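Trainee: Here it is, the structure, as structure tokens.
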Amino acid sequence: MESAAEYTQRLIRSGARAQKSMGQNFLMSDEVIDRIVSASRLQSDVPLVEIGSGLGVLTRVLAPKVQKMWAVELDKNKIGILNQELRGQSIQIVNQDALMLDLNQLWGDQKGYLIGNLPYYITSPLIMHFLEQADHLVGMTIMVQKEVADRIAAPPGSKTYGILSIAVQISAQVTKVMDVSPSAFWPAPKVTSAVIRLDLRPYPGFDVDKRDFFRVVKAAFSQRRKTLGNSLTGGLGRCKEEVIERLQSVGISDGRRAESLSIEEFQVLTKAFQ
């Protein structure tokens with residue numbers, strides 16, 4: 001098999017181009033591909049979907065490892081390349097916006113695995129779109145901008161901990177796999193990327209309504225630099241005295257800031273403001 005660089009360069013010489021408007025950067029590193037495959041721990045009988053297949057440099061490595069695979073690519077110009085390069089492989093190529101992808105329509109009641117190099121400009125919406133379909137997934141290995149990966153994996157108390165951290169961590173165990181240099185792509189992006197693995201699972205002991213929970217989380221982070229007493233007052237539309245009273249009733253100081261609270265403490269807050 002051609003190396004990732006040889007494969008990509010051959011297609012570029014044949015006229016393949018990266019669409020800037022779609023945030024396309026083609027992976028050219030065998031090392032990164034090997035780490036993605038290794039981290040994903042693929043099982044042959046578990047369906048696999050790849051998001052943003054591009055030229056198929058990763059797709060061609062993944063396809064032989066599973067019995068059922070779907071490659072999702074929005075760029076019609078790349079569909080012809082995928083059909084040509086992947087002919088003979090047991091794979092279905094889907095020309096569709098990943099934000100519209102329904103996993104139930106791919107593999108029904110089964111649980112599958114997702115791998116993707118997510119476009120930077122829609123990373124968070126895509127992650128949330130698939131986390132909302134957690135009943136159809138065992139996990140995901142995704143490449144995102146390093147800054148986003150750091151936010152996703154951030155623990156309470158860190159500067160990068162926020163709504164995205166909480167939204168992902170209540171649905172999945174997060175593992176950082178590796179950072180990826182811009183030189184691993186063509187054309188080279190201006191930012192460093194990172195590969196993370198998400199093992200989907202219910203958050204241990206999570207026992208509040210998610211809509212109520214995120215209403216409180218979003219209110220707490222609505223004025224990040226302010227204390228909980230102030231941010232919850234504005235974010236929830238409650239009077240300051242009531243907010244302080246409810247915080248005190250559950251042993252949480254109104255002088256703390258949102259980024260200092262754990263998921264467990266946000267559950268306590270949710271119950272306090274129900």
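The values are calculated or read from the model by the stated rules, or taken from the named source; none is laboratory data. None of the values given here were measured: they were computed from a predicted structure. So basically every Cβ, Gly included, is an ideal-geometry build from the backbone, and we count neighbours across all protein chains shown.
Trainee: Pairs needed: first member in the stretch 200-226, in contact (Cβ under 8 Å) with a residue 24 or more places away in the chain; second member anywhere, of a type in the set (K, R); C-beta distance under 7 Å; at least 6 residues apart or different chains.
Mentor: The qualifying pairs are V208/K271.
Trainee: Let me ask something else. With the condition kept exactly as written, say whether any residue in the stretch 154-167 is under 11 Å from the mean Cα position of the chain (by Cα) and aliphatic (A, V, I, L, M). So that I can check it myself, show each step before the final result.
Mentor: Quick first cut of the stretch 154-167, residues under 11 Å from the mean Cα position of the chain (by Cα) only: 164-165, 167.
Filter once more, so that each one left must be aliphatic (A, V, I, L, M): 164, 167.
Within the stretch 154-167, one or more residues are under 11 Å from the mean Cα position of the chain (by Cα) and aliphatic (A, V, I, L, M).
Trainee: Would you pick out the residues in the stretch 95-111 that are surrounded by fewer than 21 Cβ atoms within 10 Å (Cβ to Cβ) and either within 26 Å of P187 (Cβ to Cβ) or touching a strand residue (DSSP E or B) at 6+ places or on another chain (Cβ under 9 Å) (or both)?
Mentor: If the condition is that a residue be surrounded by fewer than 21 Cβ atoms within 10 Å (Cβ to Cβ) and either within 26 Å of P187 (Cβ to Cβ) or touching a strand residue (DSSP E or B) at 6+ places or on another chain (Cβ under 9 Å) (or both), then N95, Q96, D97, L99, L101, L106, W107, K111 are the ones that fit.
Trainee: Out of all the residues in the stretch 244-260, is one or more surrounded by 18 or more Cβ atoms within 10 Å (Cβ to Cβ), assigned to a helix (DSSP H, G or I), within 28 Å of the chain's Cα centre (by Cα) and aliphatic (A, V, I, L, M)?
Mentor: yes
Trainee: Quick one: is G88 modelled with pLDDT under 95, in a loop (DSSP other than H, G, I, E, B) and touching a Phe, Trp or Tyr at 6+ places or on another chain (Cβ under 9 Å)?
Mentor: Taking the combined requirement at face value, the residue does not satisfy it.
Trainee: What residue, among those in the stretch 60-78 that are under 22 Å from G112 (Cβ atoms) and out of contact with any Ser or Thr (no Cβ under 9 Å at 6 or more places or on another chain), is surrounded by the fewest Cβ atoms within 10 Å (Cβ to Cβ)?
Mentor: V61
Rundown of residues vs (1) within 17 Å of I142 (Cα to Cα); (2) in contact (Cβ under 8 Å) with a residue 12 or more places away in the chain, yes/no style:
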residue	(1), (2)
T8	no, yes
K20	no, no
M28	yes, yes
S38	yes, no
S53	yes, yes
P64	no, yes
K68	no, yes
